[in-house]
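Novice: This structure is in structure tokens; I'll ask about it shortly.
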Amino acid sequence: NSDDPDINGAADPQVAGDEDPTRVIIESAPLFKVEKTSADLTGEPDSLMPGDILRYTLRVENIGNENMLEASLRDQVPANTTYVAGSTTLNGVALDDVDGSTPLGATLVIQSPGAEAGELLADPSASGSQAALITFDVTINDVNDGTVISNQGFANGVGAGGENTAVDEQPS
């Protein structure tokens, strides 16, 4: 207890018990940082060709100052590609496919390494140590020269401050 003169006036040392609690509002919130990269695993790094395998790597971090709960990621297989069965991983662990495709298509619960399912631990220094790392592979279909392969993902999560959503789009 101290005395906040804005609540009921200045403190009177002659009156016992007129102190008020000191109120401090602490603001915290999770904050997404999503990075998506793609790499050609079988061909020339500067051009994609039909039959090449393209690996998408998604790095999802909570750079806020509060842990995020109910963290999830949804990412469809890009048009003009075919999913490589069994290629999806979360933090280096292979995941089971869902109906013959990546579990990302049905929304995947993600987490920081070693955390509970759905929990992205706060890392305000953005050291990367708490990032969820997701990968999946696709094969480029037989397409015309100049066809754009584009991929977009959606990340969601909840903190004490409310819901957070991030969208990341990566043309390949």
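The values are calculated or read from the model by the stated rules, or taken from the named source; none is laboratory data. Because the structure is predicted, anything quoted here is derived from the model rather than measured. Virtual Cβ from ideal backbone geometry, glycine too; neighbours counted across all protein chains shown. Surface areas here come from the heavy atoms of the whole protein model, side chains and all, with no ligands, DNA or RNA. Shrake-Rupley method; radii C 1.70, N 1.55, O 1.52, S 1.80 Å.
Novice: Could you tell me whether any residue of the range 113-136 is under 19 Å from residue 77 (Cβ atoms) and in a loop (DSSP other than H, G, I, E, B)?
Specialist: No; the residues of the range 113-136 include none that is under 19 Å from residue 77 (Cβ atoms) and in a loop (DSSP other than H, G, I, E, B).
Novice: I'd like the residue in the range 70-105 that is acidic (Asp, Glu) and under 17 Å from the mean Cα position of the chain (by Cα) and, out of all such residues, is farthest from residue 131 (Cα to Cα).
Specialist: 75
Novice: Can you work out which of the residues in the range 34-62 that are more than 30 Å from residue 123 (Cα to Cα) and in a strand (DSSP E or B) is most open to solvent (accessible area, probe 1.4 Å)?
Specialist: This residue is 53.
Novice: Looking only at the range 63-106, which residues are surrounded by 14 or more Cβ atoms within 10 Å (Cβ to Cβ), free of Cβ contacts under 8 Å to residues at least 40 places away in the same chain and outside any strand (DSSP E or B)?
Specialist: Those that are surrounded by 14 or more Cβ atoms within 10 Å (Cβ to Cβ), free of Cβ contacts under 8 Å to residues at least 40 places away in the same chain and outside any strand (DSSP E or B): 95, 97, 102, 103, 105.
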